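Below: one structure, written as structure tokens.
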Amino acid sequence: MIRLRLKPGREASVARRHPWLFSGAVASAEGDGSDGHAEVFDAGGRTLAHGSFSPDSQIVARLWTFGGRIPDAALFRERFEAARRLREAVLPAETTGFRAVNSEGDLCPGVLVDTYGDVAVLDLLTEGTEKWEAELTQAAREVFSPREILVRRTGSERDRGSRLPLPLGEGRGEGGAQSRTVAFTETGLKFLADVSAGQKTGFFLDQRDNRARLRALASGRTVLNLFSYSGGFSVAALAGGAARAVDVDASEAALALAREHRRANGFPVNEEDFVRADVFDDLRARVEAGESWDVVVCDPPAFARKRADVTRAARGYKDINRLAMRLVYSGGWLLTCSCSGLVSWDLFGKIVFSASLEAGRSFTIAARLGAGADHPVSLECPEGEYLKGLWLSRLT
Ligand code: SAH
């Protein structure tokens, strides 16, 4: 256990129970943090909090308890049980794929558990929580009783990389890994998560509410699904009676899964509905060709991963939305998303507004939808809210 003494006057964020302790607040450190444990105390020597220690990160500790309690297997079990109760209350029927533990949102900073059927994926997001692997795995086994637990350690890579916190909710696949898929259902639809080589832990569980809304309005409509990954939006649209859905993604592996998803749900696989392309090029070509669609879904990867990226990211979002807006029929819809935590709802609204001015199209916001209730956000850590989806309706 390492003992981190705060600089005088730097205890305010800890007093507000914010789970991130930045290295700039620390005056001195004493002891050995190789077991991943950190104790935080104020300049006067009073213990304030305990958490996991990440020496190479700007967020030097993620705080799990405030007061005297030292995180251990019993605490992990309690937190996981609370997380399980929340899911039992909010998950829709016929849904075996969901986020079972959402890091700060479940008071488990640095830990994700995604469940796909009877397989659980434990993603350790920080160097500190990687050190707690044995106890966390044991607690997950006891509380969620999966047939199998897969562990991903994405923490050290993040913490040592840029020394800047990556946005939450973005576990990345280890490049080049052999793919391994696990079957699960979401509101009765059949999907596969690529748990070893896929993005995140294998599926974008956070978009479930937006998929449900698309399904509800898709009947008879044509859908262009940009940045489709494994085509979850298209499957939802087809289940809702869409006339056609086209997936566009740069990744062939993602499109291969998208084809499998259609087959698994009894929809035909037409080769022209899977387009491997850079979305920016593809959109320009479609605008040039004068295409129109009833519904366009635009769900790009996070364009901003650190604060310095925000201006460039805003330009990217504006460009892509301007082009996407040009493709929507009057009376149609654009679902436009940003999963950059650093782009607020307010900023995203402004970006989309300026895109609409440049596109010469009027849209109205019919709904704002973020991640589902299995991705809770702690009031103490609003940074946990990253996904924003604007449902834009073209009225004229
Ligand atoms: N909408 C998806 C998740 C999107 S993740 C879902 O609901 O499941 C972002 C996807 O964008 C990834 O599949 C990635 O391969 C793809 N991608 C990233 N940059 C791209 C680009 N410039 N052109 C096309 N696809 C891109």
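Taking only the alpha carbons of the stretch 22-167, we obtain Rg and Dmax values of 15.8, 54 Å in that order. The angle between the Cα long axis of helix 345-359 and the main principal axis of the chain comes to about 20°, on a 0 to 90 degree scale.
When you restrict to C-alpha pairs under 8 Å that are six or more residues apart and normalise by the size of the stretch 299-396, the relative contact order lands at 37 percent. Springs between Cα atoms under 10 Å define the GNM used for the chain, and in it the highest mean-square fluctuation of 321, 270, 102 occurs at 270. Cross-link pairs exceeding 21 Å between alpha carbons, from the set 318/350; 200/388; 200/318; 318/388; 306/388; 350/388: 200/318. Phi-derived couplings, Karplus 6.51 cos²θ - 1.76 cosθ + 1.60 at θ = phi - 60°, listed residue by residue for the stretch 204-213: 8, 4, 5, 8, 4, 5, 5, 4, 5, 5 Hz, with x used for Gly and Pro. Taking the alpha-carbon distance from residue 7 and a cut-off under 20 Å, which aspartates and glutamates remain once sequence neighbours fewer than 8 residues away in the same chain are dropped? Once the sequence-local aspartates and glutamates are set aside, what remains near residue 7 is 30, 32, 39, 42, 56. Think of it as helices only: each DSSP H run of n ≥ 4 in the chain is worth -39500 (n - 2.57), and spread over all residues that comes to -9000 deg cm²/dmol at 222 nm. Computed from Cα positions, the angle between helix 133-144 and the longest principal axis of the chain comes to roughly 60 degrees. If both residues of a DSSP beta bridge must be in the chain, then about 65% of such bridges are antiparallel.
Within the listed set 39, 78, 383, the Gaussian network model of the chain (springs between alpha-carbon atoms below 10 Å) gives the highest mean-square fluctuation for 78.
Here the stretch 292-366 and the stretch 30-99 have alpha carbon centers that stand 35 Å from each other.
Using the Kirkwood radius over C-alpha pairs as Rh, can you work out the diffusion coefficient of the stretch 249-396 via Stokes-Einstein at 4 °C, viscosity 1.567 mPa s, in µm² per second? After rounding, the answer is 78 µm²/s.
Per residue, the stretch 54-134 exposes 33 Å² of accessible surface when a 1.4 Å probe is rolled over the protein heavy atoms with every protein chain present. Could you report the stretch 281-379's accessible area per residue, 1.4 Å probe, as an integer in Å²? Averaged over the residues of the stretch 281-379, the accessible area is 44 Å². As a fraction of the 1.4 Å probe accessible area of the stretch 250-320, surface on carbon and sulfur atoms comes out at 49 percent.
The convex hull drawn around the Cα atoms of the stretch 356-396, when projected onto a plane and averaged over every direction, covers 3.9 nm².
Phi angles of the stretch 185-202 translate, via the Karplus equation with coefficients 6.51, -1.76, 1.60 and θ = phi - 60°, into HN-Hα couplings of 10, 9, 6, x, 8, 9, 9, 10, 9, 8, 6, 10, 10, x, 7, 6, 8, x Hz per residue; Gly and Pro are given as x.
Peptides 47-54, 240-247 ordered by packing proxy, namely the average of other Cβ atoms within 10 Å per residue, highest first: 47-54, 240-247. Ranked by the mean number of other Cβ atoms within 10 Å per residue, highest first, peptides 113-126, 284-297 order as 113-126, 284-297.
Here the mean projected area of the convex hull built on the C-alpha positions of the chain is 18.9 nm². When each of the peptides 192-202, 322-332, 3-13 is scored by the mean number of other C-beta atoms lying within 10 Å of its residues, the order from highest to lowest reads 192-202, 322-332, 3-13. Taking a Cβ cut-off of under 11 Å around residue 283, the surrounding Lys, Arg, Asp and Glu residues balance to a net charge of -2, with basic ones at +1 and acidic ones at -1.
The values are calculated or read from the model by the stated rules, or taken from the named source; none is laboratory data. Remember, it's a predicted structure, so these values are computed and weren't measured experimentally. Note that we place each Cβ from the backbone using ideal geometry, even for glycine, and neighbour counts take in every protein chain shown. Just the protein is used for accessible areas: all its heavy atoms, side chains included, with ligands, DNA and RNA removed. Shrake-Rupley method; radii C 1.70, N 1.55, O 1.52, S 1.80 Å.
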